[in-house]
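Below is one structure, written out as structure tokens; comments come after it.
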Number of protein chains: 2
Amino acid sequence: MHVTFLGTSGAVPTTMRNPSAVMVRREGERFLFDAGEGTQRQMMRFSTGFAVSHVFVSHLHGDHVLGLPGLIQTWDFNDREEPVAIHTPAGTRRRIRDLITVTGNEPSFPVRVNEVSPGDVALDGGEFEVRAFETDHRTTSVGYAIVEDDRKGRFDREKAQQELGIEPGPKYSKLHNGESVELDDGTVVQPEQVVGPPRPGRRVVYTGDTCPTEGVVEAAEDADLLIHDATFAEDRRERAGQTGHATAKQAAEIANRAGAKRLALTHVSTRYAGQSGRLEKEACEVFDGEAFLPDDGDELDVPFPDTAGD
Amino acid sequence: MHVTFLGTSGAVPTTMRNPSAVMVRREGERFLFDAGEGTQRQMMRFSTGFAVSHVFVSHLHGDHVLGLPGLIQTWDFNDREEPVAIHTPAGTRRRIRDLITVTGNEPSFPVRVNEVSPGDVALDGGEFEVRAFETDHRTTSVGYAIVEDDRKGRFDREKAQQELGIEPGPKYSKLHNGESVELDDGTVVQPEQVVGPPRPGRRVVYTGDTCPTEGVVEAAEDADLLIHDATFAEDRRERAGQTGHATAKQAAEIANRAGAKRLALTHVSTRYAGQSGRLEKEACEVFDGEAFLPDDGDELDVPFPDTAGD
């Protein structure tokens, strides 16, 4: 998976940071998490491609959704025909519809609006799911976790051929798929003899705006990447609680409890403009993994856990 | 007056051009003409200041108004208390209200929505007016002209003192204000003897999206600056007509007929990305004055006509 941070500002943008949006690309598909004002130009600027199939809205505050109508209008101008799905918290379908038609524009391609509640599978992608989970932002909100299925264990080709004397061919796939096979001499080989344990898929978690909360700890268990609200530093912990946000340190504590490997801090308040290193430092001092505060346009690859060190 | 081009793209933005918005500053007041998506960040990027008192909306297409809700939300976050007036074509008040509250945000400062029809004075500023005029964009639309009152003629201090023997004092203001004065020796001096003819104020005209139309010719009579739709080049004249836009050449023809001094081309279609010189050339070949196609962030001063050569 490939992640591009399109907008990393808090509610008010700056010259350096656009309002919230994160693009995730996975095997040719593009998923957009939130779409603050100006997201379409960020997509152009950072060359992420435009063919988004699913938009996941964390909540309906302006800095997370005001880029939607313009993006949809541009798709329309570009003669888009493919449907797009907008996933949004339960009870907000009507407001999403109002938003995307607010200037009287009815898109000529299908826009499906899918309401989700914490625990719902927003998208079943076959070998992965995007699951909604509970967040706490003092308004109707959810976070989203992209969770890949486990992959088959590694097939030990050398052992199969040289030790057990199985010739390459259909028997290899059978074994890899978990079936036993009988050799010409009557020997039965069990898949466990040549196939390693299942290898975990990847997990990328986007909280949207939230206070520190158990829902995130559960959703981000062993996550390869946790993208967490870090609107404030510890000096504003009280303010963070009042406004439904987290401090960088709180985000790090949540990431530790979840056992996440990497933590991306985002939704930075304008008060830390030019001193975002302070938030990063605060998180790094606490977090056992790798914490960082991306700039707009920063990208990263999320490798499979078992190849991360390759 | 000082003009900053905040957004010069057509309906679809590019990496270089934001959707429509023009900022005009006049004696400490800031007027915003249209506010496409991303306008607030353009204001930050180009340091125009944020204290806009009046927004003039040409029409309700997304690329001209989708920056409004975010801008108003940011004013709200910044604890704005001063009212803002949004001038908008007759019949669109409800849609403006829906737009600025689309994410459920009710601004805590007063937002006055003023519907205007062609011929209306949208804003009476005392020594200037902003007048709405007729445009033709295949939808409810208006253009806006900032028209300053004539200023008093120049007072010929040298003649008054040395030739007519009037001592500096209250008699000077009387004469400058158009009253005759009687000197100690009984001579009566008429104001015409020492005061030149009234000097014209400035006129800056913003069309928004429009086909070539008589309304613009009238509104832009002797304009110091005409900012005109130039979505297409002549190769797309038919397409321009169908979509309610003008070509660069058509804009130049209108500017000639109006006797405008300068012509700014704007609302450039993505199809001319990287070749905007072509539009500029097309207009310059026809226009008797100075035609140019601004980039986002370009600024210019509009001096008084009688000091333009100083």
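The values are calculated or read from the model by the stated rules, or taken from the named source; none is laboratory data. Bear in mind that the values here come from a model prediction, so they are computed numbers and not experimental data. FYI the Cβ positions are ideal-geometry reconstructions off the backbone, even for glycines, and counts take in every protein chain you see. Remember, those area values only see protein heavy atoms, side chains included, never the ligands or the DNA or RNA. Shrake-Rupley method; radii C 1.70, N 1.55, O 1.52, S 1.80 Å.
In summary, the lysines within cross-link reach of B:Lys261, defined as a Cα separation below 30 angstrom excluding same-chain residues under 8 places away, comprise B:Lys152, B:Lys249, B:Lys281. When +1 charges are put on Lys and Arg Cβ atoms and -1 charges on Asp and Glu Cβ atoms, the dipole computed for the stretch A:1-117 relative to its Cα centre reaches about 240 debye. Taking the Cα atoms of the protein assembly as shown, the ratio Rg/Rh between the radius of gyration and the Kirkwood radius comes to 1.14. Note on A:Glu218 and B:Asp124: the model spin-label points, each 7 Å out from Cα along the C-beta direction, lie 6.5 nm apart. Closest approach of a chain A beta carbon to the axis mapping chain A onto chain B (residue, whole Å): A:Gly38, 2.
Solvent-accessible area of chain B (1.4 angstrom probe, protein heavy atoms only): carbon and sulfur portion equals 44 percent.
Could you give P(r) for chain B, binned at 20 Å from zero, as whole percent values over all Cα-Cα pairs? It works out to 32, 48, 17, 2, in whole percents.
How big is the dipole moment of the stretch A:211-293 about its Cα centre under a simple scheme where the beta carbon of each Lys and Arg is +1, that of each Asp and Glu is -1, and everything else is neutral? Debye, nearest 20, please.
Details: 10 positive and 15 negative charges, 84 e Å.
Dipole about the Cα centre, nearest 20: 400 debye.
Here the dipole of the protein assembly as shown is about 380 debye; that uses its Cα centre as origin and unit charges on the Cβ of Lys and Arg (positive) and Asp and Glu (negative). Extending 7 Å from the Cα toward the beta-carbon at both A:Arg93 and B:Lys174 defines two label points whose distance is 8.1 nm.
When B:Asp98 is represented by a point 7 angstrom out along its Cα-to-C-beta vector, the spacings to that point in the other copies are 1.0 nm, nearest first.
Antiparallel beta bridges, as assigned by DSSP with both residues in the protein assembly as shown, represent about 55 percent of the total such bridges.
With its label point put 7 Å out from Cα toward Cβ, A:Asp150 sits 9.0 nm from the same residue's point in the other copies, in order from shortest. Note on A:Phe292 and A:Thr15: with the Förster distance fixed at 22 Å, the Cβ-Cβ geometry gives a FRET efficiency of about 0.55. The residues of the stretch B:90-107 listed by number as losing at least 40 Å² of accessible area in the complex, against the isolated chain and with a 1.4 Å probe, are B:Arg95, B:Val102, B:Thr103. Helical runs assigned H by DSSP (4 residues or longer) give chain A a calculated mean residue ellipticity at 222 nm of -6000 deg cm²/dmol, each run adding -39500 (n - 2.57) before division by the residue total. What separates the A:Phe292 label point from its copies, with the point 7 Å along Cα to Cβ, is 4.2 nm, written shortest first.
How much area per residue is accessible in chain A when the probe is 1.4 Å and only protein heavy atoms are counted (Å²)?
Result: 42 Å² per residue.
The modelled label-to-label distance for the pair B:Leu164/B:Arg271, using points 7 Å beyond Cα in the direction of Cβ, is 6.2 nm. Just so you know, the Cα atoms of the stretch B:35-146 work out to an Rg and Dmax of 13.8, 38 Å. Enter the buried accessible area of the A/B pair, total of both sides, probe 1.4 Å, in Å² rounded to the nearest 100. What A and B bury together is about 2600 Å².
Measuring heavy-atom accessible area with a 1.4 angstrom probe and counting protein chains only, the residues of the stretch A:16-65 that give up at least 40 Å² relative to the chain alone are A:Glu37, A:Arg41, A:Met44, A:Arg45.
Here the Karplus curve 6.51 cos²θ - 1.76 cosθ + 1.60, taken at θ = phi - 60°, turns the phi angles of the stretch B:79-85 into couplings of 6, 4, 10, 5, x, 10, 10 Hz, with x standing for Gly and Pro.
The stretch B:84-110 to the stretch A:1-34: how many Å between their Cα centroids? Distance between centres, Cα-based: 28 Å.
Given a Förster radius of 51 Å and the C-beta distance between A:Arg112 and A:Thr187 as r, what FRET efficiency does 1/(1 + (r/R0)^6) yield to the nearest 0.05? Kindly include the intermediate steps, with their values, before the conclusion.
On the way: r = 54 Å, r/R0 = 1.05.
Result of the calculation: an efficiency of 0.45.
Computed with a 1.4 Å probe over protein heavy atoms only, the accessible area of A:Phe50 comes to about 50 Å². B:Ser141 sits among other residues whose Cβ lies under 12 Å from its own Cβ, and their net charge, with Lys and Arg +1 and Asp and Glu -1, is -4. Looking at chain B alone, DSSP beta bridges between its own residues are antiparallel in about 55 percent of cases.
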